[in-house]
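Reviewing the structure listed below.
The values are calculated or read from the model by the stated rules, or taken from the named source; none is laboratory data. This is a predicted model, so every value here is computed, not measured. All Cβ positions, even for glycine, are placed from backbone atoms using ideal geometry, and neighbour counts span all protein chains on display.
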Amino acid sequence: MTKAISNQFLFNLSNLSTIFSQNRVMVGISLALLSNILFAVLYMYSHWLSPLTGTQVFLWRMVAMWFGLVVIMLFSDGFAKLAKFLQSLRTPKDKLLLVLPTPILASQLWLFMWAPVNGQAVNVSIGYFLFPLMMVLVGCVVFAERLNRLKTLAIVLAGLGVLLQIWLAGSVSWTTAWVCLTYPIYYGLRRWQGVPALLGLFVDLSIISPIALAVLLYQGDSLSVVAGSGVMMALVVGLGIISAVAMQSNLSASGLLPVNLFGMLSYLEPALMFLLSIVVLNEVVSVEKMFSFGLIWAGIIVMIVNAVLQKNNSTT
């Protein structure tokens, strides 16, 4: 009787572990989808906040985003968690590693707002298409994640689409290389360090936003533009809220999902940027580019189907 009870207890624990794992993946997928949709919305902000330059929009975003994160921290007991986490950093090396990825994030956030109004939108979008493939590579090489047949098919489809994009563009620019080579370093370091998503992002913005605010005060001209228009002010507030939610959701998803699945789902953002370019910005896209994006979308769908099949198999 005792042995039967013990076996039943272990069986129940196993079921709970399976349910937790399933929920963890599905929550991660939901957060990844939400963050990529919000990032696509942010992509339009450099146009909506005209006549501000891309760099000025970036500066406003950093300041507004910090305030948005403060609100999230207040409602999630984040400051108590932050204090506890900072106390766990006992050596100067630990503290240095915490802030080491911050310049990478700052440069990526600047490039995201600067590129659309400086003729680099296509090159940056190619970088975002390459970034998930680099994340898959990091997952396989660094974190020893294995690929099944469906994941392999998804990578092949997306990879073909990206290669076609590069061939159509004719070259690889510095903006493309910066996105796809440095963003995986940021996410990889944060994952390796075990830094909680929200806390790490708040530390990053607490370093970046004072510098951004100082530049805004020094320049002065963008302050008068924003302060003189209720619409501009509302857009800046929205910029902060959307940025905070998008980044926090994205970083949380990166901690919940396998690196290769998180990387593949990241294709949704540049795909949505592509759709916005056609529908909102009225850009003309060739048949060849349409075909390349179709391959990438096929890869995304295969990856999602794989996640659903894995969830169903684990419940039977």
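Name the residues in the stretch 1-30 that are buried (at least 16 other Cβ atoms within 10 Å of the Cβ), among the hydrophobic types (A, V, I, L, M, F, W, C) and either modelled with pLDDT of 85 or more or outside any helix (DSSP H, G or I) (or both), would you?
I29
With the requirement that a residue be touching a helix residue (DSSP H, G or I) at 6+ places or on another chain (Cβ under 6 Å), assigned to a helix (DSSP H, G or I) and surrounded by fewer than 22 Cβ atoms within 10 Å (Cβ to Cβ), what does the stretch 134-150 give you?
Selection gives M134, V138, L150.
Counting only residues that are among the hydrophobic types (A, V, I, L, M, F, W, C), farther than 30 Å from P51 by Cβ and touching a residue at least 60 places away in the same chain (Cβ under 8 Å), how many does the stretch 79-119 have?
Result for the stretch 79-119: 6.
Say we look at the stretch 174-189 and pick out the residues that are touching a Gly at 6+ places or on another chain (Cβ under 8 Å) and more than 20 Å from S35 (Cα to Cα); which of these is surrounded by the most Cβ atoms within 10 Å (Cβ to Cβ)?
The extreme case among them is T176.
Consider W192 against the criteria (1) buried (at least 16 other Cβ atoms within 10 Å of the Cβ); (2) without any contact (Cβ under 8 Å) to a residue 60 or more places away in the chain: it satisfies all of them except one. Which criterion is unmet?
Unmet condition: (1).
Can we say V162 is of a type in the set (V, I, T), in contact (Cβ under 8 Å) with a residue 12 or more places away in the chain and surrounded by 14 or more Cβ atoms within 10 Å (Cβ to Cβ)?
Yes.
F75: within 20 Å of L38 (Cβ to Cβ) and either in contact (Cβ under 8 Å) with a residue 60 or more places away in the chain or aromatic (F, W, Y) (or both), yes or no?
Considered against the rule, which asks whether it is within 20 Å of L38 (Cβ to Cβ) and either in contact (Cβ under 8 Å) with a residue 60 or more places away in the chain or aromatic (F, W, Y) (or both), F75 comes out as yes.
Can you tell me which of R61, R149 is of a type in the set (D, E, K, R) and within 22 Å of the chain's Cα centre (by Cα)?
Exactly one of R61, R149 is of a type in the set (D, E, K, R) and within 22 Å of the chain's Cα centre (by Cα), namely R61.
Answer with yes or no whether L33 is surrounded by 13 or more Cβ atoms within 10 Å (Cβ to Cβ) and of a type outside the set (D, E, K, R).
Considered against the rule, which asks whether it is surrounded by 13 or more Cβ atoms within 10 Å (Cβ to Cβ) and of a type outside the set (D, E, K, R), L33 comes out as yes.
For (1) under 12 Å from M247 (Cα atoms); (2) more than 18 Å from the chain's Cα centre (by Cα); (3) of a type in the set (A, V, I, L, M, F, W, C), each residue gets a yes or a no:
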residue: L31; (1), (2), (3): yes, no, yes
residue: L38; (1), (2), (3): yes, no, yes
residue: L42; (1), (2), (3): yes, no, yes
residue: S50; (1), (2), (3): no, yes, no
residue: G54; (1), (2), (3): no, yes, no
residue: F67; (1), (2), (3): no, yes, yes
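Condition check ((1) in contact (Cβ under 8 Å) with a residue 60 or more places away in the chain; (2) under 19 Å from the mean Cα position of the chain (by Cα)) across all residues:
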| position | (1), (2) |
| --- | --- |
| D204 | yes, yes |
| L213 | yes, no |
| L216 | yes, no |
| V236 | yes, no |
| G240 | yes, yes |
| L251 | yes, yes |
| L268 | yes, yes |
| I278 | no, no |
| E288 | yes, no |
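Evaluate the following for L52: is it surrounded by 16 or more Cβ atoms within 10 Å (Cβ to Cβ), in a loop (DSSP other than H, G, I, E, B) and aliphatic (A, V, I, L, M)?
yes
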